[in-house]
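Read the structure below first, then the notes.
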Amino acid sequence: MGGVMAGLLSNFRNTMAVSLAISLLFIIGYGVHHPGGFDVIFFQALFRWIHVVCGILWIGLLYYFNFVQIRMMPAIPAELKPAVSKYIAPEALFWFRWAALFTVLAGLGIAVLRGYVMEALTFGFWHGLDPVLDRQYMLLGVGMWLGLIMFFNVWALIWPNQKVALGIVDADADAKAKAARTAMLFSRVNVLLSLPMLTAMAMNQTLFG
């Protein structure tokens, strides 16, 4: 591989900057060639792109914590655990919680732009006219509320307890152990909810558009 390409790929920030730049060219290209130009449908697509990118980061880190870090921590030698708790975990939690926020904001943005945010959040009862649409909104609404519950868990329960468990907030050993268990349990709640939530998101878009 050429020196320029190797230099680019060796720097994470530069790699992501180039990837984002290429993506922006694609986004502009879609706007230029879309029959409606940069209309509301274009912005629905843009918000969906943000929703997907941030959602991959959010759920990917959720799965990393539960598939890898939490499971493997007991097997890591005691002298090596501070490397995880002081360096890896805080960085991962930074991207985890902000990805959750932007995933939710972009998802709500899609619902607003498509004009069904109230119908979905009220499971179709806000609409109350078409039985087919009401069932669609009910299924989508369940998925949206699962995502909102997961978002609440991240910011109100997992992150505050992780700050205690990781020593970002001063606490004694008993408080750290309790906080670590609480964070773990609510992280597992989010794992439990993640597949139903993703099922609603993916299947609703495919089946109902």
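Tabulated data
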| quantity | calculated |
| --- | --- |
| Proxy reagent accessibility, fewest Cβ within 10 Å first, across TRP159, TRP58, TRP98 | TRP98, TRP159, TRP58 |
| Selection from PRO160, ALA111, GLY36 lying farthest towards where the dipole of the chain points positive, charges on Cβ | PRO160 |
| For the stretch 87-103, 3J(HN,Hα) per residue [Karplus equation, 6.51 cos²θ - 1.76 cosθ + 1.60, θ = phi - 60°, Hz, x = Gly/Pro] | 10, 6, 4, x, 5, 4, 5, 4, 5, 4, 6, 6, 5, 4, 4, 6, 4 |
| Distance (nanometres) between label positions extended 7 Å along Cα→Cβ at LEU80 and ILE56 | 3.0 nm |
| Residue-span extension gain [VAL112 to ALA17] - 0.36 nm each, minus C-alpha spacing | 31.3 nm |
| Tail fraction, Cα-Cα pairs, the stretch 1-130, threshold 26 Å, whole percent | 48 percent |
| Full-stretch length increase - ILE88, MET73 - with 0.36 nm per residue and alpha-carbon distance subtracted | 4.2 nm |
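The numbers here are math on the coordinates, done by the rules we state, and not lab data. Quantities reported herein were computed from a predicted structural model and do not represent experimental measurements. Cβ coordinates were reconstructed from backbone atoms using ideal geometry, including for glycine residues, and neighbour counts include every protein chain displayed.
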